[in-house]
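**Q** One structure, as C-alpha cells, below. Some questions next.
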Amino acid sequence: MKQDKIPFFSTIIKKEKKGFFNYLKNSLLNTSRNISKEIINIFSNKNIIDKKLFNSLKKTLITADVGLKTTKKIINLVSEYAKKKKIKNSFLLYDYIKEEMLNILTPVERPLIIRNKKPFIILIIGVNGVGKTTTIGKLAYYFYNHNKTVLLASGDTFRAGADKQLTFWSNKSHSNIINNYKKKDSASVIYDAFYKAKNNNIDILIADTAGRLHNNLNLIEELKKIVRVIKKINNQSPDEVMLIIDANIGQNSINQLKVFHDSIGVTGITITKIDGTAKGGIIFSLANEFGIPIRYIGSGEKITNLHLFNAKDFINAIFSKN
C-alpha cells in the first residue's frame, strides 16, 4: 500500500509545482515581453558581437527597470565572457545571460524562518498604496496553512478604514486581531498586541503600520519609536521587518528601500502586484544593490496569491518562450 502511494503523491507535488510555475509565468507576462522577447531578438539571430549589440541589450534592460548599475554589471559580465571564450555569434550568449541574471537573484532567495519563539513578531512597513494590508491577510493565511496561530495588530491608526479592512482579512485568514479602538498611538496598539499574543500562546504576531512616504521624516521617526517600544518588550524583536514594495513603481523602490533600511533595518522584502507591471526587472536592482532577502511575491486579490520567492522559477518564467 505504501509503495502504491509514493507515485500518487509525487504526481500531486509535480502538478502543484507546474501550477505555480504557470501562475508565475502568467503574472510575469508583461515583464517577460520587455526582457525575454527582446533579448531573444538580440541574441538569437547570430548577430555580430559589437558595441551596437550591447547598446541594444542595455536599452532592453533599462526599459524593464533593471537599473543602470545592475545593467552595467550584466553587460560587463557578458562582454568579458564573450572575449574569454572567443565567441563570435551572439546566440551563444543567450543562456549565459540567463545564468548571470539567476546568479544575481539566487543570494536573496532566503525564506523567512519562523523560530520557535512566541510570539514571533513581523513588523510590516511600506509607503501608501503598496498593498500592505492585503499582504498581511495573505501572510496570515499562509501561516495558518502551515499550522501556525496568528494575531494581527491594527497599527495603522491614520488611514480611515484601515482597522475595518484588516478585520476583514483577519476573518478570511482564520487569524485573531487586536484593533486600535480609536487609539492614535500605533506603538501602543502593538504593545498591547504583544501581551495578548504572549498570554494566548500565539505563534506569530503580524503588526500593521500606517503607510508613510520614505521622505517624510516625522513618520519615519514614528516608525523608529515603534521599533524602540518592541525592543523594550524583547530586545531581540522585531524578528522580521518586512518592507512591502509595489513592482509598478520601478526604480523609486530603490530610494524607498534605502531610506527604510538606513532608518530601522529591513530584514525581508515582499514584492506585490507583479502581474500589473512590465517593470519586474526592478527585482534585479533590489537584489544586486542591497542583498536583502526577498521573501514572497504576490499578485491579485486572492488570499492564496502569495508565494515564496524562487529565483530559478522567476528566471524561467521571465525567459519562457511560450
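**Q** Tally up the residues in region 298-316 that are closer than 17 Å to PHE143 by Cβ and in contact (Cβ under 8 Å) with a residue 24 or more places away in the chain, please.
**A** 8
**Q** For region 76-93, which residues satisfy the criterion of being surrounded by fewer than 16 Cβ atoms within 10 Å (Cβ to Cβ) and either of a type outside the set (D, E, K, R) or within 14 Å of LYS312 (Cα to Cα) (or both)?
**A** Within region 76-93, ASN76, ILE87, ASN89, PHE91, LEU92 meet the criteria.
**Q** For region 31-48, does any single residue satisfy the condition of being modelled with pLDDT of 90 or more, polar (S, T, N, Q) and closer than 30 Å to TYR296 by Cα?
**A** no
**Q** With the requirement that a residue be at pLDDT 95 or above and acidic (Asp, Glu), what does region 171-220 give you?
**A** Across region 171-220, the qualifying residue is only ASP203.
**Q** For region 181-265, which fully contained helices (runs of 4 or more DSSP H) count at least 3 residues that are under 25 Å from the mean Cα position of the chain (by Cα) and loosely packed, with under 14 Cβ neighbours inside 10 Å?
**A** The helices (runs of 4 or more DSSP H) meeting that bar are 217-233.
**Q** Of these, THR71, THR106, THR60, which one is closer than 30 Å to ILE269 by Cα, in a helix (DSSP H, G or I) and either among the aliphatic types (A, V, I, L, M) or modelled with pLDDT under 90 (or both)?
**A** THR60
**Q** Among the residues of region 119-129, write down those that are in contact with a strand residue (DSSP E or B) (Cβ under 9 Å, 6 or more places away or on another chain), assigned to a loop (DSSP other than H, G, I, E, B) and surrounded by fewer than 24 Cβ atoms within 10 Å (Cβ to Cβ).
**A** VAL127, GLY129
**Q** Checking LEU152 against (1) crowded, with 24+ Cβ neighbours inside 10 Å; (2) of a type outside the set (Gly, Ala, Ser); (3) not assigned by TED's automatic domain parsing to the domain that holds VAL241, which single condition isn't satisfied?
**A** Going through the list (1) crowded, with 24+ Cβ neighbours inside 10 Å; (2) of a type outside the set (Gly, Ala, Ser); (3) not assigned by TED's automatic domain parsing to the domain that holds VAL241, LEU152 breaks only (3).
**Q** Could you run through region 67-118 and say how many residues are of a type in the set (Gly, Ala, Ser), without any contact (Cβ under 8 Å) to a residue 60 or more places away in the chain and either in contact with a strand residue (DSSP E or B) (Cβ under 9 Å, 6 or more places away or on another chain) or on the phi > 0 side of the Ramachandran plot (or both)?
**A** The qualifying residues number 1.
**Q** Would you confirm whether or not region 285-295 contains a residue that is touching a residue at least 24 places away in the same chain (Cβ under 8 Å), in contact with a helix residue (DSSP H, G or I) (Cβ under 6 Å, 6 or more places away or on another chain) and among the β-branched types (Val, Ile, Thr)?
**A** Taking every residue of region 285-295 in turn, at least one turns out to be touching a residue at least 24 places away in the same chain (Cβ under 8 Å), in contact with a helix residue (DSSP H, G or I) (Cβ under 6 Å, 6 or more places away or on another chain) and among the β-branched types (Val, Ile, Thr).
**Q** Suppose we filter LYS118, LYS69 for residues that are closer than 30 Å to THR304 by Cβ and in contact with a helix residue (DSSP H, G or I) (Cβ under 8 Å, 6 or more places away or on another chain); which single one remains?
**A** Just a single option satisfies the conditions, and that option is LYS118.
**Q** With ILE104, ILE125, ILE113 as the choices, which residue is touching a Lys or Arg at 6+ places or on another chain (Cβ under 9 Å) and outside the structural domain of VAL259 (by TED's automatic domain parsing)?
**A** Testing whether each residue is touching a Lys or Arg at 6+ places or on another chain (Cβ under 9 Å) and outside the structural domain of VAL259 (by TED's automatic domain parsing) leaves just ILE104.
**Q** Ok, one more. Output the residues belonging to region 275-322 that are hydroxyl-bearing (Ser, Thr, Tyr), modelled with pLDDT under 90 and either buried (at least 20 other Cβ atoms within 10 Å of the Cβ) or in contact with a strand residue (DSSP E or B) (Cβ under 7 Å, 6 or more places away or on another chain) (or both).
**A** Correct list: THR277, SER299.
The values are calculated or read from the model by the stated rules, or taken from the named source; none is laboratory data. Everything numeric here is computed off the predicted structure, so don't read it as measured data. Glycine gets a Cβ as well: all are built from the backbone with ideal geometry, and neighbour counts include every protein chain shown.
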